[in-house]
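J.: My questions will all concern the structure given below.
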Amino acid sequence: MTPILSLSAAELERWLEGHGEPAYRRKQVWAWLARGEMDFDGMRDLPRALREALAKEFRASSLRSIATSQADRGLTSKTLFELDGGHSVEAVVMRYPDRSTLCISSQAGCPIGCPFCATGKFPFGRNLKAHEIVEQAADAVRVLAAEGRRLSHVVFMGMGEPMANYHAVVESVRRLSDPELLGISPRRIVVSTSGLIPRITQLGEEKIPVTLAISLHAARDELRDVLVPINRKYPVQDLVDAAQTYAEGTGRRVSYEWVMLAGVNDTERDAKELGSLLKHRLAHVNLIPFNPVEDTPYHAPDRASIRSFKERVEAQGLNVTVRDTRGREADAACGQLHERVMRTRVPVS
Ligand code: SF4
């Protein structure tokens with residue numbers, strides 16, 4: 001059966017008209033999906049015959065939840081979804097007093113192959129379709145609605161390189177922010193990239209002012225070539241120039257992510273290089289203590305090293321945040337999470 005979110009607004013309206021229903025029923029269906037209703041029969045303001053026709057023809061979601069896991073005393077929950085065709089991706093919901101954030105996947109696996117990342121360790125599966133990305137958010141809406149919460153923020157920091165699945169990601173951002181569907185402001189959506197410069201430029205031209213996050217991790221090419229292999233194609237200075245153009249065009253400060261690896265990118269030299277690279281840029285630096293991944297040679301620095309690295313970068317005039325534990329969980333989604341969920345997997349009955 002066809003996943004209903006794989007249809008555009010116009011396609012669904014045509015289908016409705018073909019079934020003798022007015023086009024405005026599409027808005028009603030979307031409103032139910034946006035409230036987390038996954039059962040057509042529960043869409044109570046639709047005529048019964050229409051609910052039955054919808055159920056006969058469509059699935060509310062193509063995702064199957066195959067495992068769940070909780071952390072932070074239930075404030076963080078992770079779901080592993082099986083996609084049509086068998087690949088799996090995960091999504092992470094993080095609850096805070098003032099917001100609820102979903103960390104979303106855009107690819108099953110990742111072609112970039114960063115050596116500290118668990119996703120890079122298993123073979124690339126496939127790009128997600130736009131509706132598969134939106135369905136992760138619809139599921140989070142459903143989970144949060146049951147707790148009296150609302151999904152307020154979405155970060156594309158799960159499995160995959162969003163810019164390597166550009167068109168589906170942009171389409172999904174439009175759907176996520178569509179007031180008739182999920183209505184999440186683009187300003188509350190973060191799209192991360194390891195550095196595909198032409199796509200950053202293209203995103204800047206889309207006029208959807210999402211926040212851009214650059215997975216930087218090193219400020220010199222020699223080291224970044226190793227940690228983020230796409231750097232061999234798109235060197236770090238060019239990347240920061242492209243990100244700055246994006247920031248100036250959208251008015252959105254760019255977030256630079258820095259997974260801290262003991263003895264690798266946490267030295268005084270790294271702090272100085274980071275400071276010089278981002279000086280006078282519209283930039284915010286997020287330091288992410290490394291969450292260990294099996295079969296990699298990397299370790300997290302101790303707290304004192306993290307603090308002194310932060311102070312050194314701040315002393316050069318930059319805004320710096322160290323992610324809290326849950327932030328680490330979220331970034332773990334960039335590859336590390338899948339492995340951990342699979343290891344601690346709780347089958348869903
Ligand atoms: S860190 Fe991100 S870009 Fe690098 S391999 Fe992992 S998922 Fe891909």
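The values are calculated or read from the model by the stated rules, or taken from the named source; none is laboratory data. Every value quoted in this text rests on a predicted model; they were computed, and no experiment measured them. Counting neighbours? That spans all protein chains shown, and the Cβs are built from the backbone with ideal geometry, glycine included.
Let's see how each residue does on (1) crowded, with 24+ Cβ neighbours inside 10 Å; (2) polar (S, T, N, Q); (3) touching a residue at least 40 places away in the same chain (Cβ under 8 Å); (4) touching a strand residue (DSSP E or B) at 6+ places or on another chain (Cβ under 8 Å):
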{"position": "VAL92", "(1), (2), (3), (4)": "yes, no, yes, yes"}
{"position": "CYS103", "(1), (2), (3), (4)": "yes, no, yes, yes"}
{"position": "PRO111", "(1), (2), (3), (4)": "no, no, yes, no"}
{"position": "THR119", "(1), (2), (3), (4)": "yes, yes, yes, no"}
{"position": "LYS129", "(1), (2), (3), (4)": "no, no, yes, no"}
{"position": "ASP139", "(1), (2), (3), (4)": "no, no, yes, yes"}
{"position": "ARG142", "(1), (2), (3), (4)": "no, no, yes, no"}
{"position": "ALA145", "(1), (2), (3), (4)": "no, no, yes, no"}
{"position": "TYR166", "(1), (2), (3), (4)": "no, no, no, no"}
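Here's the yes/no breakdown for (1) at pLDDT 95 or above; (2) hydrophobic (A, V, I, L, M, F, W, C); (3) in contact with a Lys or Arg (Cβ under 6 Å, 6 or more places away or on another chain):
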position	(1), (2), (3)
VAL155	yes, yes, no
ASN165	yes, no, no
ILE189	yes, yes, no
LYS207	no, no, no
SER215	yes, no, no
ARG220	yes, no, no
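J.: When you scan segment 187-299 for strands (runs of 3 or more DSSP E) that lie fully inside it, which ones turn up with 2 or more residues that are more than 16 Å from the ligand (Cβ to nearest atom)? Break it down into steps so the answer makes sense when it comes.
T.: Working: elements: 189-193, 211-215, 254-260, 283-289.
Correct list: 283-289.
J.: Criterion first (in a loop (DSSP other than H, G, I, E, B), buried (at least 18 other Cβ atoms within 10 Å of the Cβ) and not assigned by TED's automatic domain parsing to the domain that holds ALA168) does GLU13 satisfy it? Before the answer, list the steps.
T.: Details: in a loop (DSSP other than H, G, I, E, B): no; buried (at least 18 other Cβ atoms within 10 Å of the Cβ): yes; not assigned by TED's automatic domain parsing to the domain that holds ALA168: yes.
Considered against the rule, which asks whether it is in a loop (DSSP other than H, G, I, E, B), buried (at least 18 other Cβ atoms within 10 Å of the Cβ) and not assigned by TED's automatic domain parsing to the domain that holds ALA168, GLU13 comes out as no.
J.: OK, next. Give the residues of segment 147-164 that are surrounded by 22 or more Cβ atoms within 10 Å (Cβ to Cβ) and closer than 12 Å to THR101 by Cβ, sorted by residue number. Steps first, answer last, please.
T.: Within segment 147-164, the first condition is being surrounded by 22 or more Cβ atoms within 10 Å (Cβ to Cβ), and the residues that meet it are 151, 154-163.
Once the filter is applied, which keeps residues that are surrounded by 22 or more Cβ atoms within 10 Å (Cβ to Cβ) and closer than 12 Å to THR101 by Cβ, segment 147-164 yields LEU151, VAL154, VAL155, PHE156, MET157, GLY158.
J.: Restricting to segment 161-182, name every residue that is within 13 Å of the ligand (Cβ to nearest atom) and in contact with a helix residue (DSSP H, G or I) (Cβ under 7 Å, 6 or more places away or on another chain). Steps first, please.
T.: Looking only at segment 161-182, we keep the residues that are within 13 Å of the ligand (Cβ to nearest atom), and these are 161-165.
If the condition is that a residue be within 13 Å of the ligand (Cβ to nearest atom) and in contact with a helix residue (DSSP H, G or I) (Cβ under 7 Å, 6 or more places away or on another chain), then PRO162, MET163 are the ones that fit.
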